[in-house]
Number of protein chains: 2
Amino acid sequence: MDNNNKIINDIDAIPSLVQSKRQIDRYNLDIDAQAILVASRLMAAGAKLGHASEIHFSRFGLSTGRYRLLADLEDNEGEELPSQLAEHLGVTRATVTGLIDILERDGLVSRRTSSDDGRQRTVILTEKGAKKLREMAPEHFARLEAMVGLLNIDERSVFLDLLDRVTQGISALTGELGSKPKGNISNE
Amino acid sequence: MDNNNKIINDIDAIPSLVQSKRQIDRYNLDIDAQAILVASRLMAAGAKLGHASEIHFSRFGLSTGRYRLLADLEDNEGEELPSQLAEHLGVTRATVTGLIDILERDGLVSRRTSSDDGRQRTVILTEKGAKKLREMAPEHFARLEAMVGLLNIDERSVFLDLLDRVTQGISALTGELGSKPKGNISNE
DNA sequence: GAGATATAATTAGGCACCTAACTATATAAG
DNA sequence: CTTATATAGTTAGGTGCCTAATTATATCTC
């Protein structure tokens with residue numbers, strides 16, 4: 001027998017409203033249980049999506065980060081500095097170095113030292129890298145489209161709007177307590 | 001000077017519609033650009049939230065996973081088997097072992113070998129663990145509530161509904177190509 | 001032009017989570 | 001009762017991402 005604990009991730013413990021309510025009641029907090037439910041569900045969805053994304057890209061021998069790096073290179077005429085890549089992807093330079101290491105090992109990108117600034121190392125999308133993107137595009141985009149297939153056009157617009165505002169709200173987790181995120185408040 | 005690349009994560013490269021359109025056009029695919037935008041934004045939001053969550057919990061000396069484990073224990077009279085925890089949290093038993101190791105080291109939970117089945121090890125929420133949850137609850141829930149503060153009550157309901165359907169759609173990334181996720185389709 | 005300082009990329013080491021292999025106990029079959 | 005098999009938990013090793021420290025180059029100031 002190989003792996004006996006494979007089903008676990010499919011059960012997907014999604015948080016319920018009862019659960020949220022119980023947690024709040026336990027400490028007599030003046031908090032809206034539904035708000036907590038939304039937050040919990042979004043966290044669960046984010047984790048699930050992240051995991052699914054890794055599985056998706058691993059089919060093409062890539063990780064989420066390495067695919068995003070390749071796609072960004074393609075969007076910039078196949079040539080960028082590591083620091084630009086880090087900014088575009090929203091990760092640190094250290095992470096970019098690691099991503100490039102593996103992509104270079106696999107021949108999908110190459111590094112070249114810049115002529116005008118000896119500190120810079122230009123990252124170049126190789127023909128093999130471009131081919132990889134070309135080959136995976138149909139399936140990749142079809143799957144992404146299928147993912148939101150249960151929403152119709154109008155619902156997608158609404159979802160985008162709401163998601164955008166919740167995304168702004170994420171700073172409430174990391175920022176000053178009580179400081180409101182910038183943006184128009186449609187509440188209260 | 002300590003860290004010169006700290007600002008990077010605040011810029012937050014959010015994907016744009018133009019970007020999605022360009023990628024699709026490049027390969028002449030018959031794909032709805034807005035669908036791709038929704039998928040990309042959700043991925044970005046998920047990653048951002050995951051990161052913010054770790055920062056949030058690290059203020060209390062916990063990680064996201066370790067907090068969820070403690071909260072689940074509290075929800076089950078402070079006593080559970082590792083396998084139950086794994087199922088509730090949606091992670092593997094190996095991961096649970098690691099979470100417990102650190103929580104036990106910090107005195108927030110303890111392990112006890114079961115009397116009726118020698119293979120089982122009951123995990124118990126200690127008084128210190130319960131106190132930790134009690135102390136962090138007000139700030140924790142206040143921050144979660146603030147996160148969705150830019151949505152009013154009605155919008156939260158709508159968001160929950162849409163998010164739920166998109167979450168179902170995530171299986172399109174990992175499952176058979178062309179297989180539709182179960183659930184009522186409000187589209188087409 | 002020498003020394004301080006800024007910047008680009010990398011290396012070193014850490015955490016969360018994973019899969020696969022292993023250990024120990026329990027149970028079923030001959 | 002012994003051998004095979006299932007199950008609970010752990011260990012070993014890998015990936016993705018992080019922060020902090022390091023190396024190498026460029027620039028600014030005297």
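The values are calculated or read from the model by the stated rules, or taken from the named source; none is laboratory data. Just so it is clear, the model here is predicted, and its values are computed rather than measured. Glycine also receives a Cβ, built like all others from the backbone with ideal geometry; neighbour counts cover every protein chain displayed. Just so you know, the surface numbers come from the protein's heavy atoms only, side chains and all, with ligands and any DNA or RNA stripped out. Shrake-Rupley method; radii C 1.70, N 1.55, O 1.52, S 1.80 Å.
Brief remarks on what is shown
- Charge tally in the Cβ shell below 10 Å around B:L108, where Lys, Arg are +1 and Asp, Glu are -1, B:L108 excluded: +2
- Rolling a 1.4 Å probe over the protein heavy atoms of the stretch A:66-137, with every protein chain left in place, gives an accessible area that is 44 percent carbon and sulfur.
- Both radii were evaluated on the Cα set of the stretch B:16-58; the Rg over Rh quotient, with Rh as the Kirkwood radius, amounts to 1.22.
- Per residue, in Å², the accessible surface of chain B once ligands and nucleic acids are set aside, probe 1.4 Å: 51
- Residues of the stretch B:38-73 whose accessible area (probe 1.4 Å, heavy atoms of protein chains only) drops by at least 40 Å² once all protein chains are present, relative to their chain alone: B:V38, B:A39, B:R41, B:L42, B:M43, B:A45, B:K48, B:L49, B:A52.
- Each copy carries B:I14; placing its label point 7 Å along the C-beta direction from Cα gives inter-copy distances of 2.6 nm, listed from smallest up.
- When the accessible areas of B alone and A alone are added and the area of the pair subtracted, with a 1.4 Å probe, the result is around 8800 Å², both sides summed.
- Contact residues in the stretch B:96-144 by the 40 Å² criterion (accessible area, 1.4 Å probe, full protein complex versus chain alone): B:F141, B:R143, B:L144.
- The value given for the protein assembly as shown is a Kirkwood hydrodynamic radius of 22.6 Å, derived from the mean inverse Cα-Cα separation.
- Relative contact order (%) - chain B, alpha-carbon pairs under 8 angstrom, separation at least six: 12
- Calculated P(r) of the stretch B:100-159 - Cα pairs past 16 Å, %: 64
- B:H56 accessible area, 1.4 Å probe, all protein chains in place, Å² to nearest 10: 0
- Between copies, the label points of B:S114, set 7 Å from Cα on the Cα→Cβ line, lie 6.1 nm apart, reported in increasing order to one decimal in nanometres.
- Ellipticity at 222 nm from helices only: DSSP H runs of n ≥ 4 in chain B, each -39500 (n - 2.57), divided by the residue count, give -19000 deg cm²/dmol.
- Other copies of A:R26: label-to-label distances in nm, shortest first, labels 7 Å along the beta-carbon direction: 4.8
- The rotation axis that maps chain B onto chain A passes nearest to the beta carbon of this chain B residue, listed with its distance in whole angstrom: B:G46, 1.
- Crossing angle, helix A:153-169 versus chain A [Cα axis fit, 0-90 degrees, rounded to tens]: 90
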